[in-house]
Amino acid sequence: MRVGISLTSSHAVKDPREGARWMIERAAAARQSGLDSLFVGDHHATPGPYYQNVPILGRLLAEWGEAPAGCLFLLPLWNPVLVAEQVGTLAAVTRGRFIFQCGLGYDEAQFAAMGIALKYRPSAFEEESYSIVQRLLRGETVSSSGRSKFRDARLALRPAENVEYWIGGSAQPAIDRAVAHPRRGARSGRVLSRTLQGPRRTPKAAVAIRRDIYVGESAAEAEQAILTTGSRGIPAPALVAGSVESVAQQFAQLAVLGSTDVIVRHLTNDWPKVLASLARLRRVREALAGV
């Protein structure tokens, strides 16, 4: 069982440099804790400040090591050629393996602001964006007469190592879509599924599941943290909070159910508590050795 982190990109701050600094410091703390992967999300036209995935990840990678890193792309909102170009550059900056997370998106206001019809998102994902990005990253020359119209697109700056593809979803149709792809599996809850296809690496399926967490000094301290910060409307089954031993046990149960990676976000934005929880995550990983 591997433990990675998805950094919160939404920060209500008066000075936007403060939110960026928080993300930079958390990436450094996650590296110090020996976490297995680092990610950021993807949203657009948000009501509050949101740090966009490509530029912020480029900065965070300066704090990261050789462990895998990546970001989410809500593919129906993007031109697929632009996505492939961004991935090519990010993969060149990443010292480790790059993981390409992708999903449909769901917010009608977000789609309207980006000039995309929400009802076409499944076909835009399946029939166009996802396959086009893969083909470009493989080095093919691609033309399209679909919703994205272009001719003879080719990616010159390609990743040195094949990227990993993770398909995300929480609704059952999205999970079914992930399962339908070869060598990809999924589990209920917010899911990311991937295929490992690096050089000299035997392809194998892996399943990642996201959990909002807080690792407390004790069970009582973790409970108090949740009472203080709230659960942000996250369903109880998607919350993991408690002592090091309790969190490790809950992660081990996810492994029994078939998950190979758990990607965490913190329930609280309280900086000292986040740092303390990240430090304890190292002990959680150590307790999971061999799981």
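Every read-out reported here was derived from the displayed coordinates using simple, explicitly stated rules and does not represent laboratory data. It should be emphasised that the depicted structure is a prediction, and the values quoted were computed from it without experimental measurement. Because the Cβ atoms are built from the backbone with ideal geometry, glycine has one as well, and the counts that use them run over all protein chains shown.
Brief remarks follow.
- Candidate set: the range 213-254, residues that are in a helix (DSSP H, G or I) and in contact with a Phe, Trp or Tyr (Cβ under 6 Å, 6 or more places away or on another chain); chosen: the one surrounded by the most Cβ atoms within 10 Å (Cβ to Cβ): 222
- Residue satisfying all of: in the range 255-275; within 22 Å of residue 40 (Cβ to Cβ) and of a type in the set (A, V, I, L, M, F, W, C); surrounded by the fewest Cβ atoms within 10 Å (Cβ to Cβ) among these: 271
- Residues satisfying the stated conditions in the range 89-104, i.e. part of a loop (DSSP other than H, G, I, E, B) and either among the basic types (Lys, Arg) or crowded, with 24+ Cβ neighbours inside 10 Å (or both): 94, 95, 97
- Elements of the type strands (runs of 3 or more DSSP E) sitting completely within the range 1-88 and holding at least 2 residues that are under 30 Å from residue 141 (Cα atoms) and among the hydroxyl-bearing types (Ser, Thr, Tyr): there are none.
- Looking across the range 43-57, just one residue is without any contact (Cβ under 8 Å) to a residue 40 or more places away in the chain, surrounded by fewer than 22 Cβ atoms within 10 Å (Cβ to Cβ) and touching a Gly at 6+ places or on another chain (Cβ under 9 Å), and that is 49.
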